[in-house]
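Novice: First, the structure itself, so that you have it in front of you.
The values are calculated or read from the model by the stated rules, or taken from the named source; none is laboratory data. Because the structure is predicted, anything quoted here is derived from the model rather than measured. Cβ: placed from backbone, ideal geometry, glycine included. Neighbour counts: every protein chain shown.
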Ligand SMILES: NC(=O)c1ccc[n+]([C@@H]2O[C@H](COP(=O)([O-])OP(=O)(O)OC[C@H]3O[C@@H](n4cnc5c(N)ncnc54)[C@H](OP(=O)(O)O)[C@@H]3O)[C@@H](O)[C@H]2O)c1
């Protein structure tokens, strides 16, 4: 009897986990021939899978990464898996605003088009500082991408209709922004949540500012994904997370689906941007939709990256 209970309980657990990990796949088969896509952090995790999927659809894919050797290896893999030769890498360190400016200069000189910008790269909750003295999460996840998008916006408008897809996380809801302390760097998980909330405000404000100009802005939660973000933590944490990830998290390919959906789907474009989860528009907590806070963050970010 005991054996029977164990088997039934295991089967139930197996199907519950399978159901929990079920993800929608992007069903829009639109091709991107002649279009150029830029993906930050495209050398691993969700970014790399997004690069494979978009290269398969014929896009020229530029992955922007900080480690040239890793990027070179990723380019070879993306080319091989997508059967496309239109994949290149360029060096970008989002933790250094000088590097972001240099990257944009080179990109605008070398690339004629920019049809889709995927702001994917991110640091998980770590207590560190960027070259410019910002907390690592806020600096890389928000400010680096803010400056990058701003400097490339002209090209996105020239290539309209174009799209900006910014990766956020559903954990945005656990924190609020403190404008007295945007550089908050106290509890690792909360620094991450705040940076991901900043991504939501950024994406919405970008959508408002580019309304009617042919650029659509999407914020995407990719789901919880079996990627390499744990490499920033201790061995013990990595081992524990491996088990948790195996049980509850989805493969990177599944995590990339909502990003791909927002990058290509006509249906998503008709909705005019917004927050997307599992290839569908999703509701945000009311405080994250506050246009006043989004505008205030935009203006503060302009000052911090010295755009105004
Ligand atoms: N994984 C999840 O469960 C999950 C859940 C919700 C949201 N997300 C979001 O999804 C996105 C992709 O996450 P992921 O899971 O694929 O993470 P990942 O595997 O850790 O990849 C992050 C990428 O960002 C790059 N990166 C980090 N710092 C950088 C910097 N200063 N300059 C340039 N690139 C930098 C990394 O490059 P290096 O390899 O050089 O470090 C890496 O390629 C992130 O925005 C994340 O917040 C992920």
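Novice: What number goes with the only condition from (1) crowded, with 20+ Cβ neighbours inside 10 Å; (2) in a loop (DSSP other than H, G, I, E, B); (3) within 12 Å of the ligand (Cβ to nearest atom) that residue 142 does not pass?
Specialist: Failed condition: (2).
Novice: Could I ask something else about it? Does segment 70-80 contain at least one residue that is on the phi > 0 side of the Ramachandran plot, away from the ligand (no atom under 14 Å from the Cβ) and out of contact with any helix residue (DSSP H, G or I) (no Cβ under 6 Å at 6 or more places or on another chain)?
Specialist: no
Novice: Now a separate question. Just to be sure I understand the filter: pairs with C-beta atoms under 7 Å, separated by 6 or more residues or on different chains, first member in segment 167-181 and over 29 Å from residue 42 (Cα atoms), second member modelled with pLDDT under 95 and away from the ligand (no atom under 13 Å from the Cβ). Which pairs pass?
Specialist: From residues that are over 29 Å from residue 42 (Cα atoms), the pairs are 178/184.
Novice: Which ones in segment 59-94 are assigned to a loop (DSSP other than H, G, I, E, B) and closer than 12 Å to residue 41 by Cβ?
Specialist: 66, 67, 92, 93, 94
Novice: Against the conditions (1) at pLDDT 95 or above; (2) more than 16 Å from the ligand (Cβ to nearest atom); (3) out of contact with any strand residue (DSSP E or B) (no Cβ under 6 Å at 6 or more places or on another chain), where does residue 59 fall short? Just the number, please.
Specialist: So residue 59 meets the others, but not (3).
Residue-wise test of (1) in contact with a strand residue (DSSP E or B) (Cβ under 9 Å, 6 or more places away or on another chain); (2) assigned to a helix (DSSP H, G or I); (3) at pLDDT 95 or above.
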site	(1), (2), (3)
148	yes, yes, yes
157	yes, yes, yes
163	yes, no, yes
173	no, yes, yes
177	no, no, yes
183	yes, no, no
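Novice: Also, I was wondering about something else. Would you tally the residues in segment 145-166 being within 16 Å of the ligand (Cβ to nearest atom) and without any contact (Cβ under 8 Å) to a residue 60 or more places away in the chain?
Specialist: 4
Novice: Looking only at segment 185-214, which residues are touching a strand residue (DSSP E or B) at 6+ places or on another chain (Cβ under 6 Å) and under 15 Å from residue 298 (Cβ atoms)?
Specialist: Correct list: 199, 200, 203, 206, 207.
Novice: Consider residue 48 carefully, then state whether it is more than 16 Å from the ligand (Cβ to nearest atom), in contact (Cβ under 8 Å) with a residue 60 or more places away in the chain and either within 23 Å of residue 110 (Cα to Cα) or within 20 Å of the chain's Cα centre (by Cα) (or both).
Specialist: So residue 48 does not fit the description; no.
Novice: Is it the case, given these coordinates, that residue 193 is within 11 Å of the ligand (Cβ to nearest atom) and buried (at least 24 other Cβ atoms within 10 Å of the Cβ)?
Specialist: no
Novice: Would you mention how many residues in segment 98-133 are within 11 Å of the ligand (Cβ to nearest atom) and touching a helix residue (DSSP H, G or I) at 6+ places or on another chain (Cβ under 7 Å)?
Specialist: Counting residues in segment 98-133 that are within 11 Å of the ligand (Cβ to nearest atom) and touching a helix residue (DSSP H, G or I) at 6+ places or on another chain (Cβ under 7 Å) gives 12.
Novice: Give me a count of the residues in segment 27-48 that are modelled with pLDDT under 95 and under 18 Å from residue 81 (Cα atoms).
Specialist: Going through segment 27-48 one residue at a time, the tally reaches 1.
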